[in-house]
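Novice: Just passing along the structure, written as structure tokens.
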Amino acid sequence: MALSHAQKTEAPEKAKVAPRCLRLLPLGETPPFRQDVRDGVRYELEPDPGSIPPRQVRLGTGDASVLIRLNLGRASEPIKIPEGTAPAILREASAPNDPSTKPWLVVRLPETGDALAVIWRESGTQWNKPRSFTFADSAAAFPAGSIRIVNLLPVESAVIFGTERVLLMPGKSMVKAIPIGTDLPIQVAFKNPTGQYQRFYTGSVLLNPHERAQIFVHRADGEKPRQAAKVSTYNEAAPTAAPNPTE
């Protein structure tokens, strides 16, 4: 009887929730190197304001806030975030650590799972008004042995893998499994104002075991670029699948 009573009154154990993380990846090109010579000594000049993202942004406010370092073309370290659809509000680290401070960027998040926010600036704008897309970043959504192709251009793009052709509308992406250890030729074209596909990139992608790769088709961000668009490819080790949180 005592055992039966204990079973009835014991509070049920809360379901375990696996922690999840957010990474930030700013896409773009570093401004040209500039220097000043003073008294025979060369000094590197800081980039013009707005020509690069803030070197650090703050996620949250108060004592619980976290600083995230940003580098063009490099994903940030993973930052733990809670479950739910509440957005990640990012403010420049140099701004007051106060909730009334205007956000630098508001990142929309999926309800569950790891996330990668890709950040860029539109043509003719500076890095004080960036845009972003968020993608699932877990091993289940984006496993080893696959590539993710993302079209961040405002026009339709065509991606050719050998003899296979894939069309991607603006803001769309796809995940595709490819053979490990084999160079896969890739060609990318965008739809120009005449309705024709203009090829601007030819390359390849190679995956080693336990790797995955991301291919971003985006606007060229340099000064007077030769092409209007650019392709950025990132190989990385895929995360291992998380254990069942209920176990």
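Novice: Cβ under 12 Å from Leu70's Cβ, Leu70 left aside: what net charge do those residues give with Lys, Arg +1 and Asp, Glu -1?
Specialist: Combined, the nearby Lys, Arg, Asp and Glu give +3.
Novice: Now for a separate question. Just add up the charged neighbours of Arg20: K/R +1, D/E -1, any other residue whose Cβ is under 12 Å from the Cβ of Arg20.
Specialist: Charge balance in the 12 Å sphere: -2.
Novice: Using the charge dipole of segment 136-247 (Lys, Arg: +1 at Cβ; Asp, Glu: -1 at Cβ; taken about the Cα centre), state which of Ala228, Leu168, Asn151 has its Cα farthest towards the positive end.
Specialist: Of the options given, the answer is Ala228.
Novice: Considering amide H positions built from the backbone, and no H for Pro or chain starts, which residues 5 or more places from Ala93, or on another chain, come under 5 Å of its amide H?
Specialist: Here Gln56, Val57, Arg58 satisfy the definition.
Novice: If you don't mind, another one. At 10 °C and 1.306 mPa s, grab the translational diffusion coefficient of the chain from Stokes-Einstein with a Kirkwood Rh over Cα pairs, rounded to a whole number in µm² per second.
Specialist: The estimated diffusion coefficient comes to 77 µm²/s.
Novice: Extending each Cα 7 Å along its Cβ direction at Asn208 and Val37, get the distance between those two points in nm, one decimal.
Specialist: 4.3 nm
Novice: Turning to a different aspect of this structure: Please find, in a Gaussian network model of the chain (springs between Cα atoms separated by less than 10 Å), the residue of Ala141, Ala117, Ala75 whose mean-square fluctuation is greatest.
Specialist: Per the Cα network of the chain with a 10 Å cutoff, Ala141 tops the list.
Novice: Which of the trypsin sites (Lys or Arg not before Pro) across segment 118-182 are loop residues per DSSP, with 16 or fewer other Cβ within 10 Å?
Specialist: Passing both the DSSP loop test and the Cβ count: Lys172.
Novice: Kindly provide the helix-only [θ] at 222 nm of the chain, computed as the sum of -39,500 (n - 2.57) over DSSP H runs of four or more divided by all residues, to the nearest 500 deg cm²/dmol?
Specialist: Calculated from helices alone, the mean residue ellipticity at 222 nm is -1000 deg cm²/dmol.
Novice: Let me ask another. For Arg131 and Glu44 in the same chain, what is the full-extension length gain: residue separation times 0.36 nm, less their Cα-Cα distance, in nm?
Specialist: Value of the extension gain: 28.4 nm.
Novice: Also, I was wondering about something else. Calculate the dipole size of segment 142-238 relative to its Cα centre from +1 charges on Lys and Arg beta carbons and -1 charges on Asp and Glu beta carbons; express the result in debye to the nearest 20.
Specialist: Approximately 280 debye in magnitude.
Novice: So, one more: Expected output is a single nm value to one decimal: the length gained when fully extending between Ala141 and Ile180, i.e. 0.36 nm times separation in residues minus the C-alpha distance. What is it?
Specialist: 12.2 nm
Novice: Here's a follow-up. Can you list the residues, at least 5 places off or on another chain, whose amide H is less than 5 Å from the amide H of Asp114, using H built in the peptide plane?
Specialist: Counting only residues 5 or more places away or on other chains, the set is Cys21, Asp137, Ser138.
Novice: Just name one of Ala115, Pro32, Ala237: the one whose Cα is farthest towards the positive end of the charge dipole of the chain (beta-carbon charges, Lys/Arg +1, Asp/Glu -1).
Specialist: The listed residue farthest towards the positive side: Pro32.
Novice: Further question on the same structure: Report the label-to-label distance for Glu236 and Glu122 in nanometres (one decimal), using points 7 Å from each Cα along the Cα→Cβ vector.
Specialist: So the two model labels end up 2.7 nm from each other.
Novice: Among Lys80/Lys129; Lys129/Lys224; Lys191/Lys230, which pairs are too far apart, with a Cα-Cα distance over 18 Å?
Specialist: In this structure, Lys80/Lys129; Lys129/Lys224 exceed 18 Å between Cα atoms.
Novice: Based only on other Cβ atoms within 10 Å, what is the fewest-to-most ordering of Met169, Met174?
Specialist: Met169, Met174
Novice: Only Cα pairs within less than 10 Å get springs; with that Gaussian network setup on the chain, which residue of Val57, Val66, Val107 has the largest fluctuation?
Specialist: Val66
Novice: Cα gyration tensor of segment 84-149, axes a ≥ b ≥ c as square roots of the eigenvalues: rounded (a/c below 1.5), prolate (a/b > b/c) or oblate?
Specialist: oblate
Quick note: the coordinates plus some simple rules give every number you see, no bench work behind them. Worth saying up front: this structure is predicted, and the values here are computed from it rather than measured. Virtual Cβ from ideal backbone geometry, glycine too; neighbours counted across all protein chains shown.
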